[in-house]
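The structure appears below as structure tokens.
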């Protein structure tokens with residue numbers, strides 16, 4: 001049971017680390033915050049609590065994906081779409 | 001019909017990077033600079049994958065032209081859900097001179113070879129902003145084109161395309177096979193997460209050279225000079241409204 005949870009936590013950490021490469025304030029900044037966030041809970045033993053933390057991690061993944069998408073969308077919209085020309089959007 | 005969709009993707013300098021011009025004004029600095037898939041190409045891949053998920057088409061084949069690094073871009077597309085990749089190897093000076101005409105010749109040759117139902121491309125690349133490859137590919141194949149697509153729907157053997165044009169939207173219905181270029185609002189591209197990238201490593205990427213496709217990639221264009229845009233002039237602060245009016249008159253604005 002503990003092993004399977006450990007795998008999930010490791011997978012979460014790797015996924016977040018990979019996502020953090022594009023973080024606006026820098027990959028190094030993100031990595032530091034990620035590590036301290038995980039270290040803070042390293043002594044947690046209750047499997048239910050661990051599941052909740054993993055779920056929170058999954059939520060953060062979704063937030064990051066949304067952040068990256070919006071950043072890119074807004075940059076593209078600003079560069080390629082002239083607000084004067086559009087009739088209604 | 002094969003039910004196969006060909007998607008072209010381009011590896012460009014990442015959109016968030018600050019571009020710098022080489023001191024000799026020959027080109028933009030690319031060494032050591034972060035590169036990624038062209039945002040409009042991401043939207044093209046997403047649309048193809050969505051069509052496959054809806055069972056409208058059978059296979060998504062992603063193509064990229066360039067040196068070894070173009071493989072990374074293909075792998076990202078495979079991680080997003082494409083089935084297999086084709087890497088058209090173009091290196092060195094040939095790659096520097098590779099433009100829409102050459103790429104469209106390659107895409108046209110591959111579309112015929114792969115018996116593609118659709119060719120989906122991004123509307124333009126954020127590095128050269130040509131907005132030509134899709135249109136040229138359609139012309140070379142003598143296929144109809146739906147460019148600046150913000151909505152696609154299959155209707156039997158035709159395709160309905162809602163296009164973003166100046167002043168609004170235009171809806172056209174075109175026969176297949178066809179070439180589509182993706183505009184910003186076509187869809188929301190999925191992120192290629194690490195587990196998907198791992199899974200994508202098993203997918204095949206074929207390697208071809210332009211000569212294998214019978215394509216001549218000599219360029220008819222020569223870049224003479226690359227310059228940075230003019231620096232924005234500093235603003236001037238004025239004390240009173242009269243001062244402002246005087247300055248505006250001086251500058252010939254009123």
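Taken together, the residues in region B:123-143 that are crowded, with 19+ Cβ neighbours inside 10 Å and in contact (Cβ under 8 Å) with a residue 40 or more places away in the chain amount to 8. Applying the condition of being surrounded by 10 or more Cβ atoms within 10 Å (Cβ to Cβ) and in contact (Cβ under 8 Å) with a residue 12 or more places away in the chain to region A:1-15 and asking which residue is nearest to the other protein chains (Cβ to nearest Cβ) yields A:15. Consider region B:164-183 and keep the residues that are away from chain A (no Cβ under 14 Å) and in a strand (DSSP E or B). The one that is nearest to the chain's Cα centre (by Cα) is B:180. When B:206, B:149, B:192 are screened for being within 10 Å of chain A (Cβ to nearest Cβ) and either more than 28 Å from residue B:105 (Cβ to Cβ) or part of a strand (DSSP E or B) (or both), only B:192 passes. Taking the criterion of being under 30 Å from residue B:73 (Cα atoms) and exposed (fewer than 10 other Cβ atoms within 10 Å of the Cβ), the residues of region B:222-248 that qualify are B:222, B:224, B:225, B:227, B:229.
The criterion of being part of a helix (DSSP H, G or I), more than 15 Å from residue B:179 (Cβ to Cβ) and without any contact (Cβ under 8 Å) to a residue 12 or more places away in the chain does not hold for residue B:55. Against the test of being over 21 Å from the mean Cα position of the chain (by Cα) and modelled with pLDDT of 95 or more, the options B:199, B:249, B:203, B:209 yield a single qualifying residue, B:203. Can you find a residue that is part of a strand (DSSP E or B) and away from chain A (no Cβ under 14 Å) anywhere in region B:19-34? Checked region B:19-34: at least one residue is part of a strand (DSSP E or B) and away from chain A (no Cβ under 14 Å). Residues in region B:74-91 include at least one that is part of a loop (DSSP other than H, G, I, E, B), at positive phi and touching a strand residue (DSSP E or B) at 6+ places or on another chain (Cβ under 8 Å). Away from chain B (no Cβ under 14 Å), assigned to a helix (DSSP H, G or I), modelled with pLDDT of 95 or more and under 14 Å from the mean Cα position of the chain (by Cα) - does that describe any residue in region A:57-65? Scanning region A:57-65 turns up at least one residue that is away from chain B (no Cβ under 14 Å), assigned to a helix (DSSP H, G or I), modelled with pLDDT of 95 or more and under 14 Å from the mean Cα position of the chain (by Cα). Being in contact with a helix residue (DSSP H, G or I) (Cβ under 7 Å, 6 or more places away or on another chain) and in a loop (DSSP other than H, G, I, E, B) is a condition met by no residue of region B:97-119.
Kindly establish whether residue B:154 is closer than 26 Å to residue A:81 by Cα and either assigned to a strand (DSSP E or B) or touching a residue at least 12 places away in the same chain (Cβ under 8 Å) (or both). Here the answer is no, as residue B:154 does not meet what is asked. Yes or no: region A:16-29 includes at least one residue that is surrounded by 10 or more Cβ atoms within 10 Å (Cβ to Cβ), within 14 Å of chain B (Cβ to nearest Cβ), part of a loop (DSSP other than H, G, I, E, B) and touching a helix residue (DSSP H, G or I) at 6+ places or on another chain (Cβ under 8 Å). Yes: one or more hits.
Residues in region A:30-54 that are surrounded by 15 or more Cβ atoms within 10 Å (Cβ to Cβ) and either within 14 Å of chain B (Cβ to nearest Cβ) or within 14 Å of the chain's Cα centre (by Cα) (or both): A:30, A:31, A:34, A:37, A:38, A:53, A:54.
The values are calculated or read from the model by the stated rules, or taken from the named source; none is laboratory data. All values reported here derive from a predicted model rather than from experimental measurement. Cβ atoms come from the backbone with ideal geometry, glycine included; neighbour counts cover every protein chain shown.
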